[in-house]
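Structure, as structure tokens:
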């Protein structure tokens with residue numbers, strides 16, 4: 001099962017707007033993989049999403065800590081950045097299984113660095129450089145991801161077209 005939404009040639013403001021619209025579709029939790037080259041906008045997207053979810057504290061990049069955890073109301077939100085991971089075994093000491101519950105939202109940058117140690121994704125978001133802009137795509141890879149993606153399409157329809 002998969003379904004895909006794409007938007008090409010977006011700027012940072014449009015990326016932030018998409019993240020904010022997405023936030024309302026992820027209140028049930030899930031696992032979101034964020035893929036893209038350095039500087040493609042993964043952390044920008046994650047910060048905007050968490051801010052829109054109501055995370056009230058300063059949202060830090062987990063580049064050096066590997067994981068930052070927050071709360072949005074009663075929902076745990078975990079942001080992982082696995083860029084510095086050499087192999088999946090390094091995640092063992094993070095206690096990732098202890099962080100996962102049915103309500104948790106887990107955002108994972110650079111999931112390809114440790115895919116064997118991660119739970120399966122519900123959504124895969126890819127960001128690609130397109131000159132000064134970015135190409136954005138999201139693929140639903142579970143039933144929960146499909147429901148979120150359909151909600152996003154509905155939320156974006158009045159303001160942002162897809163390709």
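Please treat every number below as a calculation from the coordinates, not as lab data. Note that the coordinates shown come from a computational prediction; the quantities given were computed from them, not determined experimentally. Because the Cβ atoms are built from the backbone with ideal geometry, glycine has one as well, and the counts that use them run over all protein chains shown.
Reported value for region 1-55: 102 Å³ per residue, from the convex hull of its C-alpha atoms.
For region 72-163, would you read off the P(r) tail past 19 Å as a percentage of all alpha carbon pairs?
Tail of the P(r) past 19 Å holds 53 percent of the pairs.
For the chain, the mean residue ellipticity at 222 nm estimated from helices alone is -7500 deg cm²/dmol, where every DSSP H run of n ≥ 4 contributes -39500 (n - 2.57) and the total is divided by all residues, rounded to the nearest 500. For region 1-125, the fraction of alpha-carbon pairs lying more than 27 Å apart is 12 percent, rounded to a whole number. For the chain, relative contact order (Cα pairs under 8 Å, six or more residues apart, normalised by length) works out to 37 percent.
To check you understand DSSP bridge types, tell me what percent of the beta bridges within region 1-133 (both residues inside) are antiparallel, rounded to 5. Antiparallel bridges make up about 30 percent of those DSSP assigns within region 1-133. Rounded to the nearest 10 degrees, the angle from helix 143-156 to the longest Cα principal axis of the chain is 40 degrees.
Between residue 69 and residue 51, the simple spin-label model (points 7 angstrom out along Cα→Cβ) gives 2.5 nm.
Angle of helix 12-23 to the longest C-alpha principal axis of the chain, folded into 0 to 90 degrees and rounded to 10: 70°. Express the relative contact order of region 17-73 as a whole percentage, based on alpha carbon pairs under 8 Å and six or more residues apart in sequence. Relative contact order, region 17-73: 36 percent. Here the translational diffusion coefficient of region 44-116 follows from Stokes-Einstein with Rh set to the Kirkwood radius across Cα pairs; for 25 °C and 0.890 mPa s it amounts to 194 µm²/s. Volume per residue for region 38-79 equals 61 cubic angstrom (convex hull of Cα atoms).
The angle between the Cα long axis of helix 42-53 and the longest principal axis of the Cα atoms of the chain comes to about 90 degrees, rounded to the nearest 10.
Across region 94-148, the convex hull enclosing all Cα atoms gives 107 Å³ per residue. Bridges between two residues of region 79-163, per DSSP, are antiparallel at a rate of about 75%.
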